Amino acid sequence: MERGYRKKRLNRQIPEDEIITLENVTKSYSSGAPALNGVNLHIKRGEFVFIVGDSGSGKSTLIKLLLRELTPTEGEITVLGYNLKRIKHRKIPKFRRNLGIVFQDFRLLKDRNVYENVAFAQRIVQTPTREIKRNVPSILATVNLAGKYKNKINQLSGGEQQRVALARALVNKPTILLADEPTGNLDPNNSWEIMKLMEQINENGTTVIVVTHNREIVNAMKKRVITMKKGVIIEDEEEGMYIDED
Amino acid sequence: MRISSFFYTLGQGIKNLGRNKWYTLASIATIGACLFLFGIFYSIVTNFQHVVKTAEEGVSVTVFFNEGVTEEQILAVKSELEKNRPEVREIEYVSADAAWEGFKEEYLGEYADGFTENPLADSANLQIYLKDVSMQPALVTYIESIDVVREVNRSEVTANTLSGLNKLIAYVSAGIIIILLLVSIFLISNTVTMGIAVRKDEINIMKYIGATDFFVRAPFVVEGILIGMIGSAIPLIIVYFVYTHAITYVASKFTMLSSLLNFLPVEVVYKELLPISLAIGIGIGFLGSFATVRKHLHV
Ligand SMILES: Nc1ncnc2c1ncn2[C@@H]1O[C@H](COP(=O)(O)OP(=O)(O)OP(=O)(O)O)[C@@H](O)[C@H]1O
Ligand SMILES: [Mg+2]
């Protein structure tokens, strides 16, 4: 059923290695102009993509659509073979387990320590305790926090907190990492450290999508850059640059 | 569900109690207070019902027969009633001689010697005890229509009063219990709502990571059940001591009432009160949290 439906609605077959497909996606909130307006987007497995654009251009809306926090008003979104417009409510958890998500404000559990914050993600997907004890230290080593696993969250710097959040997003080995302004609250050094970590994760095979306002980093890293303006993609370039307004 | 996940959920439920300490205490206290009142009320009611029931069991209908009706005919009526009237608990046949003996003993004592033959020659009767006193009028009407029957003596006032009292007790207890339940459910659901508000961020994170609805909800439901369990255990313990002390105190203070006030032992009261209180506590804990989680968690 679902396959037949997809064939009929989409203009073309989705290629095997394309894991994110948006076809004519429009998202309107109750008031005002649509936050996204007729967006078409294709992302392949293993890509590293920056999404840039003015404030209010629809970047966060796009991320929320990708993780099925929102549903499109019009158009079709397919992520990892899931049709996000028609996915059943009880299938959403299974879908989300393929994603790692990082936010600007870290969203850590402040009443628990570093280890517990990362283990939390594994608990939720019901990983056996034995495996949690093996996976968490290893992922904390990856983000250079092995020595601070017992620290409370409020004893950490912003950069360290974001690395905990990154470890939590990665510990379940996601296929896609979605990051909405992960360096928005960090100084340049910490921003670079987070970006380098995400590049390393991408080199290990994870598809990474990063929303950012950090011009310097975007220009230096030479990745695919998607530029948005008023709900429309105005630029999509391999090894792109951060486009200045005016 | 994995064993480790089960213990994790259980652990989270327990930790939740500590995370919203004040709300937890408030709802345990209120459930506890409700169930304490319930326990006291229940103890009084069961004792009262016990008294009423004992009194009821003594209520009987006495059937007298026409002159010349033989013992065989009376016994035939007896077995007919026993067979066809389900409200009859027990029928006792009192022969004329036995009736005279009873009368002598009760009223005449040593002055009975002057009688040579039985002045109550036609007073052979049936003493009928009912299962349920409220059935008495129907039975009396039926017996009066039997042709050999001369007269039916009944204690109508007692019977009506007792069955009325019993009904009143049933209605009042049902009413009070319903009110207590509603109050408790309201309080539990408030606690869980607070808990959800306090941990909104955590719930959001869980959802982003891919927690199933069940996994998000379970700790809240565990929390509610634990609150219900503690909230019923505490008043049960208190009522136990209050009850045992109260009955010994009353029995020693008001010795002249002791024949009337025949208290049930605490074990008898608790045989029902314990499972009922636990079921109510755990039930409202479960229902209150489950419904609230459904309403406030759009997972
Ligand atoms: N929940 C909402 N209800 C109504 N309008 C919204 C809502 N969320 C976003 N919008 C509107 O949609 C548009 C796009 O918002 P979005 O958050 O996607 O922008 P953004 O590109 O992420 O901006 P920023 O760089 O400031 O984070 C904006 O005009 C915003 O006001
Ligand atoms: Mg945004």
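Quick look at the values:
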quantity: Nearest-10 value in Å² for the accessible area of B:H298, using the 1.4 Å probe; calculated: 150
quantity: Computed E for B:I44/B:S79 - FRET, C-beta separation, R0 41 angstrom, nearest 0.05; calculated: 0.50
quantity: Beta bridges per DSSP with both ends in the protein assembly as shown, % antiparallel, nearest 5; calculated: 65
quantity: Reachable lysines from B:K21, criterion Cα separation under 22 angstrom, eight or more residues apart if same chain; calculated: A:K110, A:K152, B:K200
quantity: Solvent-accessible area buried by pairing B with A, both sides, nearest 100 square angstrom, 1.4 angstrom probe; calculated: 1900
quantity: Over 30 Å between alpha carbons, listed pairs B:K78/B:K271; A:K148/A:K223; A:K148/B:K295; A:K85/A:K229; A:K59/A:K148; A:K64/B:K295; calculated: B:K78/B:K271; A:K148/A:K223; A:K148/B:K295; A:K59/A:K148
quantity: Spin-label pair B:F214/A:K94, simplified geometry with 7 Å Cα→Cβ offset, distance in nm; calculated: 1.3
quantity: Net +/- balance of residues flanking B:G18 in space, Cβ distance below 12 Å, scoring K and R +1, D and E -1; calculated: +1
quantity: Efficiency of FRET between B:R2 and B:A29 - r from beta-carbon atoms, R0 45 angstrom, step 0.05; calculated: 0.80
quantity: Cα-only Debye scattering, region A:109-173: base-10 log of I(q)/I(0) at q = 0.17, 0.23, 0.25, 0.30 Å⁻¹; calculated: -0.48, -0.88, -1.04, -1.44
quantity: Carbon plus sulfur fraction of accessible area for the protein assembly as shown, probe 1.4 Å, in percent; calculated: 57
quantity: Per-pair calculated FRET efficiency, R0 = 45 Å: B:L182 and A:A141 via Cβ, rounded to 0.05; calculated: 0.25
quantity: Heavy atoms of B:Y8: accessible area, 1.4 Å probe, square angstrom to 10; calculated: 40
quantity: Debye intensity ratio in log₁₀ form over the Cα atoms of chain A, taken at each q of 0.07, 0.11, 0.12, 0.13 Å⁻¹; calculated: -0.24, -0.60, -0.71, -0.83
quantity: Size-normalised alpha-carbon gyration radius of region B:45-90, reference 2.2 N^0.38 Å; calculated: 1.62
quantity: Shape box of the protein assembly as shown [Cα atoms, principal axes, largest first, Å]; calculated: 132, 56, 43
quantity: For A:T71, net neighbour charge (Lys/Arg +1, Asp/Glu -1) across residues whose Cβ lies under 13 Å away; calculated: +3
quantity: At 0.692 mPa s and 37 °C, Stokes D of chain B from Kirkwood alpha-carbon radius, µm² per second; calculated: 136
quantity: Full-stretch length increase - B:D132, B:E67 - with 0.36 nm per residue and alpha-carbon distance subtracted; calculated: 20.3 nm
quantity: Solvent exposure ordering (accessible area, 1.4 Å, most first) of B:I14, B:I284; calculated: B:I14, B:I284
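The values are calculated or read from the model by the stated rules, or taken from the named source; none is laboratory data. Computed from a predicted structure; not experimentally measured. Positions of Cβ are backbone-derived with ideal geometry, glycine not excepted, and every protein chain shown enters the neighbour counts. Protein only, heavy atoms only, side chains kept; ligands, DNA and RNA dropped before computing areas. Shrake-Rupley method; radii C 1.70, N 1.55, O 1.52, S 1.80 Å.
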